[in-house]
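The values are calculated or read from the model by the stated rules, or taken from the named source; none is laboratory data. As the structure is a computational prediction, the values presented were derived from the model and not from experiment. All Cβ positions, glycine included, derive from the backbone under ideal geometry; neighbour counts span all protein chains shown.
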Amino acid sequence: MAIGLSRGLRAPIEQIYRAVIKYHFMNEAAPADAEPPMGRMGGERILPPYLGEMGLEVRYHLARVEPWIRNGWKVVTRRPAFYPKGTTIDCPEFFKSADEIFKRHGMLPAYGGVYIPPIEFGQIGIDRKFESQKGTVTLTLSDVRKVVTQAKAEIELRNLFLEWFHFPGRLVTDYDRTSLGFLTTTFGHWQYLCAAALRPAFLPPGFESPPEPIRPHVGVQIRKMENGLPQPRNSDPDFMLKTAKEIAAHLKLDLLVYGHPNGCVIPDGEWTSFDQKRPENGLARELGYLKSCRLMLSPDSGWADLMAWLRVPTLLEHLQWEGEYEPLRATFHPRMLLLDRAQAVGPQVDALLASENGTLPHGKPTHFAPTHLFPWEP
């Protein structure tokens, strides 16, 4: 049986179209006579931001950026609390402008970067003809609207970076190429990216030295993402709060509800990490609180990846994809179990806390690339 076109091949094929379209749009504009001036916050060793979601920032990006920041580079980031002190640039105005570009072009930060839904758009055809030492390959994309949009968005994002962070004479790095672009055009690239779980050698400063230590507690986060797409990983608020209270009673600890109203349910009348009077630096405070968290009831989200990094014992509400956290096993050694709703929660809590060497729901990741067919992707 012939092996069909893998998902991972769509990205480089669409990149060919996108590159050609980008050159078309760039050539339509008046050519620049000189190098652009120093950016508004220019510096020779400044890295572009990671634009994806929190889970893969923890699972992949932190370790990827670590060699750069060890060598004196700084990184632009939405989450400076994750990085060693003095290594980040917090630039909300840059991200406000980036978010406007996202909104204008229908872009979403997910799958380890930025993509435009739906993940796969249009059919790709490949015709090939080889004779002796000569060959011809014809690639056909049935609908180019998506790659046209991507080309325009990439130009705008890179111009935005130049506006803020350009330094005359700075050379382009491999890191740059993979940050401000649609490398996650399709599901195929993400299959490989999220399978490469790399644990950074550092922990968040706020976790190691909590700015506001608090008493030991049980934690819960109740996911409620709304971006116009189906959200099967969103939490059941009533179930989560009820179960978290059972866990807290079992351990004779108080319950702290983690999260921000933009993405989580913050129930009235509960002890919460979100402080309406102090919305700034909320993540740094939460990282400090997590130092005292004895067990977390977590949704199936990037919050669980963060718990794995910090090795906070975690009960998962549910799993959308079997084996989702399997890539974390060898490097993060997470203390994580999938909650069995048919069983009493107390014994599950005790079993989780009794394991010091790491636990994880077993299961083969069903949504990753089949390595026996595409071992390194053509």
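Here are a few things to note about the model shown:
- When residues of the stretch 213-262 are limited to those that are under 16 Å from S301 (Cβ atoms) and basic (K, R), the one surrounded by the most Cβ atoms within 10 Å (Cβ to Cβ): R223
- Subset of the stretch 117-142 (residues that are in a loop (DSSP other than H, G, I, E, B), touching a helix residue (DSSP H, G or I) at 6+ places or on another chain (Cβ under 6 Å) and either touching a residue at least 40 places away in the same chain (Cβ under 8 Å) or more than 27 Å from T178 (Cβ to Cβ) (or both)): I119
- Of the residues contained in the stretch 338-345, one or more are found to be touching a Leu at 6+ places or on another chain (Cβ under 9 Å), within 30 Å of L193 (Cβ to Cβ), buried (at least 17 other Cβ atoms within 10 Å of the Cβ) and not assigned by TED's automatic domain parsing to the domain that holds L56.
- Screening the stretch 1-27 for residues that are modelled with pLDDT of 75 or more and of a type in the set (D, E, K, R) and picking the one that is farthest from D127 (Cα to Cα) gives K22.
- Pick from the stretch 277-308, criterion surrounded by fewer than 21 Cβ atoms within 10 Å (Cβ to Cβ) and under 19 Å from the mean Cα position of the chain (by Cα), ranking: farthest from V58 (Cα to Cα): G282
- Candidate set: the stretch 70-82, residues that are in contact with a strand residue (DSSP E or B) (Cβ under 7 Å, 6 or more places away or on another chain) and outside any strand (DSSP E or B); chosen: the one farthest from P210 (Cα to Cα): W73
- Residues that are β-branched (V, I, T) and at pLDDT 95 or above number at least 2 in the following helices (runs of 4 or more DSSP H) confined to the stretch 270-378: 345-354.
- Scanning the stretch 65-84 for residues being crowded, with 18+ Cβ neighbours inside 10 Å and polar (S, T, N, Q) gives a total of 1.
- Listing of helices (runs of 4 or more DSSP H) fully contained in the stretch 172-239 that carry 1 or more residues being at pLDDT 90 or above and over 16 Å from Q320 (Cβ atoms): 205-208
- Conditions (1) assigned to a helix (DSSP H, G or I); (2) under 16 Å from the mean Cα position of the chain (by Cα); (3) of a type in the set (A, V, I, L, M): number failed by I101: (2)
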